[in-house]
Amino acid sequence: MNFKEMHNQDKPLILCNVWNAASAQAAEKAGFLAIGTSSGAIAGSMGYEDGEVITLSEMMHIVKSIAQATSLPFTVDFESGYSTDPAEVARNIEALAEIGVVGINLEDSRGSADRSLIPAEVYAENLETIRSLLQASDTEMFINARIDTYIMGVPDALAETQRRIKLYEEAGADGVFVPFVQSTDDISVLAKSTDLPLNVLPLPQFPDFDGLSKLGVRRISLADFLFKHMTTAMESAFSEVANGESCSSLFAGQK
């Protein structure tokens, strides 16, 4: 089963978002079918803010190390493509494909502290160009169009997201990712708005994976949730050792 086919199973594809080779190996050992990077987790692990603050060369180095560490299908959180020129974005994607990457998230917003939405028509036109260039170079890549309307607090986010989904589907997207959509009602409407697989985050107010599947969700990403969970546990362990007289608790449960 290839990566695209994984989005059309009876149950949603649960994508484990990783940030280095060790986390990728742990995901494979745990039994995930596919992995993806989290730009937020990678940035956090390097002391950066999220939003393409990390350089393309640094990101590519991490991607290579992850690709070499696992045999799982591997998708990259590629932010807005590291360029405003669609031809250069296409070349960057081709470089990812050469490493073994099979999919990307491509955001329709840019920036970090000053993040702003790309006009939907501009994103769609760029996406169509990118898809055409990839086809010309015979580069296979699952492009998951990330729609940041809910992140940006756009007025009437549901209607604007539906509009963007239609444009991006026509432009050649393989899937749509709507992070931080807040209600199950909106998820259900969005899933019915497109034939493309809908990707969401499993927020605390949502039902379990089976419940999300019944709403029409075909892919569930974990963003930087696992990284933040691990960081909290690490801080607790560090504090216990720093303020105690032993590190025996670190070995609890180990064989």
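Each reported figure results from applying straightforward, stated rules to the coordinates on display, with no laboratory input. All of these numbers come straight from a predicted model, not from anything done at the bench. Here the Cβ is made from the backbone with ideal geometry for all residues, glycine too, and neighbour counts use every protein chain on show.
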Exercise. Which of the peptides 198-204, 231-237, 8-14 is most tightly packed, and how do the rest follow, going by the mean number of other Cβ atoms within 10 Å of each residue?
Worked result: 198-204, 8-14, 231-237
Problem set entry | Value of D in µm² per second that Stokes-Einstein yields for region 46-142, Kirkwood Rh from Cα pairs, at 10 °C (1.306 mPa s) | 113 µm²/s
Exercise. Taking Cα pairs under 8 Å and at least six residues apart, what relative contact order does region 5-223 come out at, in percent?
Worked result: 20 percent
Exercise. With no solvent and one point on each alpha carbon, what is the Debye value of log10 I(q)/I(0) for region 156-196 at q = 0.25, 0.33, 0.35 Å⁻¹?
Worked result: -0.85, -1.33, -1.41
Problem set entry | Within region 1-80, GluC sites (Glu not before Pro) in DSSP loop having at most 13 other beta-carbon neighbours inside 10 Å | GLU49
Problem set entry | Where only alpha carbons of region 1-106 are counted, the Rg and the Dmax (Å) | 13.5, 39
For this session: Divide, for the chain, the radius of gyration over alpha carbons by 2.2 N^0.38 Å, where N is the residue count.
Result: 1.03
Exercise. Which distance in Å, rounded to a whole number, links the C-alpha centroids of region 1-23 and region 76-146?
Worked result: 19 Å
For this session: Return the calculated 222 nm mean residue ellipticity for the chain, to the nearest 500 deg cm²/dmol, obtained by summing -39500 (n - 2.57) across DSSP H runs with n ≥ 4 and dividing by the residue count.
Result: -13500 deg cm²/dmol
